[in-house]
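Structure first, then comments.
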Amino acid sequence: MLPRILDFTHALRDAGVPVAISEDLDALRALAHIPIEDKEAFRASLATTMIKTEAHRPAFDTLFDLYFGAGRGPKALEERDEADGEPGTEEEYLDDLFRALLSGDSQALRDLARRAVARFGRVESERAGSPYFEYRVFRVVDMNTMLGRLMRDMEEGLTPLEERMWRDEFEARLRKFREEVQAEVRRRLAEYKGAEQVSKHAVRPLPEDLDFVRATRDEILQLRRAIGPLARRLATRLAMKKRHARKGRLDVRRTVRASLSTGGVPFDTRFKHRTVHKPELFILCDISGSVAAFARFTLMFVHAFQAQFSRVRSFVFVDTLDEVTRLFDNEDFLVAVDRMNQEADVVWLDGHSDYGTSLDRFWKQYGNDLSRRASVLVLGDARNNYRESAAWVIKEMRKKAKRVYWLNPEPAMYWDTGDSIASEYARNADGMIEVRNLRQLEDFIARVV
C-alpha cells in the first residue's frame, strides 16, 4: 500500500497539485485511524491531508480512481462484468437510465455508467484514447434525446421558471452521468495499461494552468473562481516580503545600548527601519478579440490585491486608448468589466489592434504622470497589423518609470512571426514575459513586485 500511495502523490505533483512531503506523512498517519477497506473513508482521508483548494479536487478524484480502483487487471474486469448479470437490450438499458436520471439516484447512475462502458464502450488494451471509448457509449446514449424524454415526462402546467429549474436539474444529472462514464473508461484503461500510463493523459489542466486565450466557457468560469484564492495567497506573500524588507540593516549602536542591561546575553538586536513605499501601477491592456480574455483576467487578478499598491491606473486600447480606472473604483469587478466593454473609447478607425497609435496617445496624455515610483505593465500579443510600432514610447516610459514589463499571452516560439513585432518592444522594456495562465501570472507578480 505504501508504494501505491507514494506513486499516487507523485502523479498529483505531476498534474500540478502541490503536495508537500509533510502532507504525505500526514496522510499516512490519518490512514492508521480509518478502515482501509472503506474506499470513501480512504478517499476522504487522503483528500483532507493532500488537497488545499477545491479547484484541485477533480484532479485528485480522477487520479484516486485510477490508483485505487476496484480490481487489478483485465481478468478482474471480466469477473466484475459477469457479476452484473445479463446486459439486456439497448431499450431496456435506456429505460433503466431514464428511471435513474428521473429519480436522481447517484449509485444507480454509477452502476449504469459501468454497465454502459462494459457493453457499449468495449475498452480494449490495444486502443489508447479514452475519447474513442466514450464516443462508443454516447453513440448509443444520446444525451439530448434523453433530456427531451425527461422533460416530456414532467407534469403539464409547469410555469416557465419551474420548467427552467427542472431542465437545469436534469442537465446536471446528465453531466454527472457523463463524468461517471469518463471515470469508468479511465479505470478500465488503467487495468490494461497501468495507472501510471493512463494518468499522464487523464487529468484535465488545473484552473491555474488553463490557457487564457484558448479557454472554453466552462474553463473561463473555473478561472474566475480560482482568481480569488490565488490573489489572496499572493497578497499574503507580498505583505510578508514587505515586512521583511522594512526591517533594514543592523543598527550596531542601538543594539549595544539595548544589550547592556543583560551583559550581552541574550543579545538584543536593533535595526535601522526603512520606509517601504508602495509602488504605483499603470496597466495598458490590448482588449481586441484575440487577447481580450487575457486582459480581463490580468486586470481581475491585479485588482484583487490592489492594496499592495498606492494606486492602480488601468488603460485599455484596440486602435486607440482610453483610461478606465474610474470604472474599477468601488465597483464589482464583473460589473466594471461590462461597463468597460460598453463605455471605453477604444476604437477610432477599423477596430484592429494598433499598438503604435495607442502607445503614442498614452505618452501624450499621461506620460507626465509617470515617476520613479511607478511600474508599467503592457498586456498584449504585440501583433500590430503591420502598422507603426511607436516602440520609442516604451523606451521613454523606461526612462521615467521604475520598471516597464510587457506580458505576452502568446507562446514565445510565435513571437516575431507574421505581424508580431515582439522584439521591437522587448528590447526597449525591462522584459517581455510569456504569461499564458494564472500560474505564470502569479509567478511573475511575486517576482517583480
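Determine which member of the set 338, 345, 360 is within 23 Å of the chain's Cα centre (by Cα), assigned by TED's automatic domain parsing to the domain that holds residue 407 and either farther than 24 Å from residue 403 by Cα or at pLDDT 90 or above (or both).
338
Restricting to the range 36-55, and then to whatever is assigned to a loop (DSSP other than H, G, I, E, B) and at pLDDT below 85, can you tell me which residue is nearest to residue 227 (Cα to Cα)?
53
Listed residues 339, 313; which is part of a strand (DSSP E or B) and closer than 30 Å to residue 229 by Cα?
Step by step, each of 339, 313 is checked, and only 313 is part of a strand (DSSP E or B) and closer than 30 Å to residue 229 by Cα.
Checking the condition surrounded by fewer than 12 Cβ atoms within 10 Å (Cβ to Cβ) and either modelled with pLDDT of 75 or more or more than 19 Å from residue 61 (Cβ to Cβ) (or both), which residue from 126, 219, 171 passes?
126
List, please: which pairs have Cβ atoms under 7 Å, are six or more places apart or on different chains, and start with a residue in the range 365-391 that is at pLDDT 90 or above and end with one that is in a loop (DSSP other than H, G, I, E, B) and of a type in the set (S, T, N, Q)?
Listed by first residue and then by second, the contacts come to 381/290; 383/353; 384/353; 385/353; 391/428.
Specify the residue that is surrounded by the fewest Cβ atoms within 10 Å (Cβ to Cβ); the eligible residues are those in the range 292-319 that are under 16 Å from residue 408 (Cα atoms) and more than 24 Å from the chain's Cα centre (by Cα).
Here the residue is 318.
A quick yes/no check of all residues on (1) assigned by TED's automatic domain parsing to the domain that holds residue 432; (2) outside any strand (DSSP E or B); (3) at pLDDT 75 or above:
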site	(1), (2), (3)
213	no, yes, yes
224	yes, yes, yes
238	yes, yes, no
241	yes, yes, no
255	no, yes, yes
267	no, yes, no
285	yes, no, yes
307	yes, yes, no
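Among the residues of the range 190-211 satisfying the criterion of being modelled with pLDDT of 75 or more and in a helix (DSSP H, G or I), which is surrounded by the fewest Cβ atoms within 10 Å (Cβ to Cβ)?
Checking each candidate, the answer is 209.
Name the residues in the range 320-335 that are surrounded by fewer than 21 Cβ atoms within 10 Å (Cβ to Cβ) and either on the phi > 0 side of the Ramachandran plot or outside any strand (DSSP E or B) (or both), would you?
320, 325, 326, 327, 329, 330, 331, 332, 333, 334, 335
The values are calculated or read from the model by the stated rules, or taken from the named source; none is laboratory data. Everything quoted here is computed from the prediction, not taken from an experiment. Here Cβ is always computed from backbone atoms with ideal geometry, including for glycine, and neighbour counts include all displayed protein chains.
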